[in-house]
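Here the structure is laid out as structure tokens; the discussion comes afterwards.
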Amino acid sequence: MEEIIKWDDLPALESLDVDWDFKPISPLGKRAFVRITKEEIPIMFAVDNVFVQVATFTEIYTGQLLDISKGGLSVNLPVLLEENCPLRVRFLLGPVKIVSKAIVRHSRNMENQHITGIEFIDLDSESAGYINGLYASLILHHSL
């Protein structure tokens, strides 16, 4: 005869204590999103570079895309922009035009290049989904 399991007789785990703090190891490190790098873009789109237009309140600059995620991008610009500077960015990523409000999160001068980290503000869900899908495509491409 089969024994009936009484699940309610098992002790609750709410009061379970552990003697260490569990911190999962993230492959992203401190980053919130997976990034597609400058080296991976030619594999995906058969182009050497993706150019990004960045508009401040007073100027429009064109820079080279260094990496991208659904959270933002890194661009090599001809000028050093100040942190928290509001922007509008526009670029073609394959067949898709991405346009978004953005803000400068960091900007630094490295070997005569102005590397600027830009966070998307209110990136539309279609564009965010497209960028996320690119990473999935890249992983699939590497596994074949």
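The values are calculated or read from the model by the stated rules, or taken from the named source; none is laboratory data. This structure is a prediction, so every number in the text was calculated from the model and none was measured. Positions of Cβ are generated from backbone atoms using ideal geometry, with glycine treated the same way; all protein chains shown enter the neighbour counts. Accessible surface is based on the protein model in full, side chains and every heavy atom, while ligands, DNA and RNA are left aside. Shrake-Rupley method; radii C 1.70, N 1.55, O 1.52, S 1.80 Å.
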* **Boolean, His114 is free of Cβ contacts under 8 Å to residues at least 24 places away in the same chain, open to solvent by less than 90 Å² (accessible area, probe 1.4 Å) and outside any helix (DSSP H, G or I)** => no
Expected single match for open to solvent by less than 100 Å² (accessible area, probe 1.4 Å) and either modelled with pLDDT under 80 or not in a loop (DSSP other than H, G, I, E, B) (or both) among Met1, Met44 is Met44
Of the residues in region 52-105, those that are more than 12 Å from Leu123 (Cα to Cα) and not in a strand (DSSP E or B) number 14
Check: Looking at region 12-21, is at least one residue modelled with pLDDT of 65 or more and surrounded by 10 or more Cβ atoms within 10 Å (Cβ to Cβ)?
Finding: no
Next on the checklist: Condition check: free of Cβ contacts under 8 Å to residues at least 24 places away in the same chain and buried (at least 20 other Cβ atoms within 10 Å of the Cβ). Does Val104 satisfy that?
Outcome noted: yes
